[in-house]
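Comments concern the structure below.
The values are calculated or read from the model by the stated rules, or taken from the named source; none is laboratory data. Since the model is a prediction, treat every value here as computed from it, not as a measurement. Cβ sites come from the backbone with ideal geometry, for glycine too, and all protein chains shown count toward neighbours. For the accessible areas, the whole protein counts, side chains as well, though only heavy atoms, and no ligand, DNA or RNA atoms are used. Shrake-Rupley method; radii C 1.70, N 1.55, O 1.52, S 1.80 Å.
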Amino acid sequence: MNHLLHFHPEVQAALTNGEPLVALESTVITHGLPYPSNVETAVSMETAVRAGGAIPATIAIIRGQLHVGLNRDQLEYLATRPDANAYVRKCSRRDLPLVLARGEDGATTVAGTMIVAHLAGIELFATGGIGGVHRGHPFDVSADLSELGRTPVTVVSSGAKSILDLPATREVLETNGVAVIGYQTDELPAFFSRSSGLAVDARLDTPAEAAALIIARRELGLQSGTLITAPAPAEAAMGEDEAEAAIAQATREADEHGIHGPAATPWLLRRVVELTNGRSLQANTALLQNNGRIAATVAVALAAAKNL
Ligand code: PSU
Ligand code: MN
């Protein structure tokens, strides 16, 4: 096994025994949600993965060590860095070697988590939202989109926020060879809200159908990933207009303050929580748990198909 990786004993055992696993990212903990919602959500996502029948493996770098599976103290450590933005680097593809070489702390984004999950031999990964093309900044294209085109991991998310330019994001995914799958939906979810007005490329309704798609991609020898999108649960989702209004205002303010690059997504998320009096936080937490559970059921179906 890869000497770079430090496995949680439970994750190590699951890998050895061919049991279903689901990777989870850490940027959502350090940069996506405020304390203590961040650590509570991280724990409840792990619980949701277990409820779906798989073992969770949250991925992060702590003092230069790449961890696959975190214990409670490590989750708490990341969640409570005194100004997380200053001390824990948000790690996309370009950042991983820097943080390892310098012995720093790093939280992995969707792109960063995909790379580490693949190194670890984990095929499923659940998160909230993927990055995309920023509205009004057509060259600020998240590395998540190219990673989906080059790393064979399946990402279960609630699409991308309407903070982003969703039609442009879809175009870039297509260029990278990534189909957008709707899980029990015909429409691309827009993160906080269930609909974006954009159709998905294909709809799948069961874990077995998702597993069949992953197996076909593997048999073709494609190195690309698979993007499965699932809407936020109806009882916690925000209305499209409500989400849109808060996002539009936050985006305007970010531009006025000159916030861009990796700081953009965390800043916008924080501002939207304020503008919606916490409603967006409720939606965010609910969709993260839901995606964890769905990814686990797909991991179970994939493990069953392997053992045939
Ligand atoms: N979208 C969210 N919450 C998040 C992120 C995106 O709703 O926490 C994080 C994810 O880790 C994602 C990253 O991979 O932001 C994208 O950042 P950028 O646009 O800088 O690539
Ligand atoms: Mn960016």
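With respect to the conditions (1) touching a residue at least 40 places away in the same chain (Cβ under 8 Å); (2) over 20 Å from Ser224 (Cβ atoms); (3) assigned to a helix (DSSP H, G or I), Leu148 lacks only one, and its number is (2). On the given criteria, is Thr185 over 19 Å from Thr113 (Cα atoms) and more than 16 Å from ligand 1 (Cβ to nearest atom)? In short, yes. In this structure, does Ile294 turn out to be surrounded by 16 or more Cβ atoms within 10 Å (Cβ to Cβ), among the aliphatic types (A, V, I, L, M) and at pLDDT below 95? Here the answer is no, as Ile294 does not meet what is asked.
For segment 194-204, state whether one or more residues are over 21 Å from Gln282 (Cα atoms) and crowded, with 23+ Cβ neighbours inside 10 Å.
no
Residue count for segment 95-151 satisfying the condition of being surrounded by 24 or more Cβ atoms within 10 Å (Cβ to Cβ), within 12 Å of ligand 2 (Cβ to nearest atom) and among the small types (Gly, Ala, Ser): 4.
Of the helices (runs of 4 or more DSSP H) lying entirely inside segment 207-308, those containing at least 3 residues that are within 16 Å of ligand 1 (Cβ to nearest atom) span 240-257, 264-275, 279-306. If you go through segment 194-245 and keep only what is hydroxyl-bearing (Ser, Thr, Tyr), modelled with pLDDT of 95 or more and within 20 Å of the chain's Cα centre (by Cα), you end up with Ser224, Thr226, Thr229.
You will find that of Glu274, Glu253, the residue that is within 15 Å of Glu242 (Cβ to Cβ) and surrounded by fewer than 20 Cβ atoms within 10 Å (Cβ to Cβ) is Glu274 and no other. Checked against (1) modelled with pLDDT under 95; (2) over 25 Å from Leu21 (Cβ atoms), Arg94 passes all but a single condition, namely (1).
The residue that is nearest to Leu302 (Cα to Cα), among those in segment 143-161 that are more than 9 Å from ligand 1 (Cβ to nearest atom) and polar (S, T, N, Q), is Thr154. For segment 151-162, the set of residues classified as among the polar types (S, T, N, Q) and in a strand (DSSP E or B) consists of Thr154, Ser157, listed by residue number.
Taking residues in segment 266-292 that are farther than 17 Å from Ser157 by Cβ, and partners anywhere that are acidic (Asp, Glu) and open to solvent by 10 Å² or more (accessible area, probe 1.4 Å), the pairs with Cβ atoms closer than 9 Å and at least 6 places apart or on different chains are Trp267/Glu253; Arg271/Glu253; Thr276/Glu242; Arg279/Glu242. Scanning segment 99-142 for residues that are among the β-branched types (Val, Ile, Thr) and either within 12 Å of ligand 1 (Cβ to nearest atom) or part of a loop (DSSP other than H, G, I, E, B) (or both) yields Thr108, Thr109, Val110, Thr113, Ile115, Ile122, Thr127, Ile130, Val133, Val141.
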